[in-house]
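Working notes, structure below.
The values are calculated or read from the model by the stated rules, or taken from the named source; none is laboratory data. A quick note: this is a predicted structure, and the numbers were derived from the prediction, not measured. Cβ: placed from backbone, ideal geometry, glycine included. Neighbour counts: every protein chain shown. Only protein heavy atoms, including side chains, enter the accessible area calculation; ligands, DNA and RNA are left aside. Shrake-Rupley method; radii C 1.70, N 1.55, O 1.52, S 1.80 Å.
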Amino acid sequence: MFPDFTLTTVDTGGAELRVRHGGSGPPVLLLHGHPRTHTTWRHVAPLLAEHHTVVCPDLRGYGRSSKPPTTPDHEPYSKRAMAGDMAVLMRELGHERFAVVGHDRGGYVATRLALDHPDRVTHLAALDVVPIGSALARCGPEFARSWWHWFFLAQPEVPERVINVDPDAWYRTRERPVDDDTLRAMHDPATVHCMVEDYRAGLGIDRAHDDADLVAGRRIGCPVLVLWAEDDDLPELYGDVLAVWRDWTPDPRGRGLKSGHHLAEDVPEDLAAELRAFFAG
């Protein structure tokens, strides 16, 4: 995986991040989702590295990045804290301005990065997500049925107990095998706890940050690309996905791809082509 990429650790002040980077050209930061690690980008990163410097970290708490202790409000696992990590990481690697691509939970971090650090982000690509605040504001019976795990994972103590009894059953790895790095993360109770903290933050402090931005009129100023999996449920839940994003940016572009939820693993060539065209434009 990741031929000619460098694997290292970067201290952001709030966390120590495992990061893989390589290629040359305009920098692109790739952020994974739950319950993956940076290895979810193993097919996409080499394709982008032909024309870009590509940076793939494990988010704080995920994979082999460090696991800061949490607090009652779950702030250490807020998307604002994770986005702050990324701003420091990219500066430490010598990239003052950069594009960011985020999938799933990484999409929320990427969105927060574009909102909190608008002078740093040149392009935002959000994969199979709408912002957390928008998702919760539109939460109805269908969302609750389909995305019940959001509310289960936000409960105290119980989610970790359930998952750690049989991580393969919870994450359905027998139905959909995952790479060894992700599998190790799923079987690490400390990582499971941090991944659950991510969801606890999502229902509280993350939504508060999103709602405050909307009220204050803060919006994303850089170009935004939204891609979603046609075999997942975003269009069923929201109808016009881009209409949801127009609350956050005036002219989002995007479309569905014939894929399951994990676009970087299911259709890496198609995804890389969409991203290259977006960055070039």
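Given +1 on the Cβ of Lys and Arg, -1 on the Cβ of Asp and Glu, and no further charges, what dipole in debye does the chain carry about its Cα centre, rounded to the nearest 20?
400 debye
Tell me, what is the FRET efficiency for K258 and R145 to the nearest 0.05, using R0 = 35 angstrom and their Cβ-Cβ distance as r?
E between K258 and R145, to the nearest 0.05, is 0.90.
How large is the charge dipole for region 101-222, taken about the Cα centre, if only the Cβ atoms of Lys, Arg (+1) and Asp, Glu (-1) carry charge, to the nearest 20 debye?
360 debye
What residue among L234, P268, F278 has its Cα farthest toward the positive end of the dipole of region 214-281, where the charges are +1 on Lys, Arg and -1 on Asp, Glu, each on the Cβ?
Most positive-ward Cα: F278.
So which helices of the chain fit the span-like rule, where a helix is a whole DSSP H run, its Cα atoms reach 20 Å or more along the axis, and its mean Kyte-Doolittle is at least -0.5?
Qualifying helices, which must be both long enough and hydrophobic enough, are 189-203.
Which one of E157, E230, E16 has the biggest mean-square fluctuation once the chain is modelled by GNM with Cα springs under 10 Å?
Of E157, E230, E16, the most mobile in the Gaussian network model is E157.
Only Cα pairs under 8 Å and at least 6 apart count here; give the relative contact order of region 65-187 as a rounded whole percent.
Normalised by residue count, the contact order of region 65-187 is 16 percent.
I want to check the label-to-label distance for E157 and L214. Put each point 7 Å from Cα in the C-beta direction and report it in nm to one decimal.
3.4 nm
Of (i) 1, 5, 12, 16, 18, 17, 13, 9, 5, 2, 1, 0, 0; (ii) 1, 5, 10, 14, 13, 12, 9, 8, 7, 6, 5, 4, 3, 2, 1, 0; (iii) 1, 6, 13, 18, 21, 19, 14, 7, 2, 0, which is the value of P(r) over Cα pairs in 5 Å bins from 0, in percent derived from the coordinates here?
Only one listed value fits the structure, namely (iii).
Farthest toward the dipole's positive end in the chain, which of A45, A212, L31, given Cβ charges of +1 (Lys, Arg) and -1 (Asp, Glu) about the Cα centre?
A212
Might you work out the accessible area of W228 for me, using a 1.4 Å probe with all protein chains in place, and round it to the nearest 10 Å²?
30 Å²
For a Förster distance of 35 Å, can you work out the FRET efficiency between the beta-carbons of A137 and T9, rounded to the nearest 0.05?
Rounded to the nearest 0.05, the efficiency is 0.40.
Considering the dipole of region 137-183 built from charges on the beta carbon (Lys and Arg +1, Asp and Glu -1) around the Cα centre, which of V158, P177, W147 is farthest to its positive end?
It is W147.
Where a ≥ b ≥ c are the square roots of the eigenvalues of the C-alpha gyration tensor, would you call region 136-281 rounded, which needs a/c under 1.5, or, failing that, prolate if a/b is larger than b/c, or oblate?
oblate
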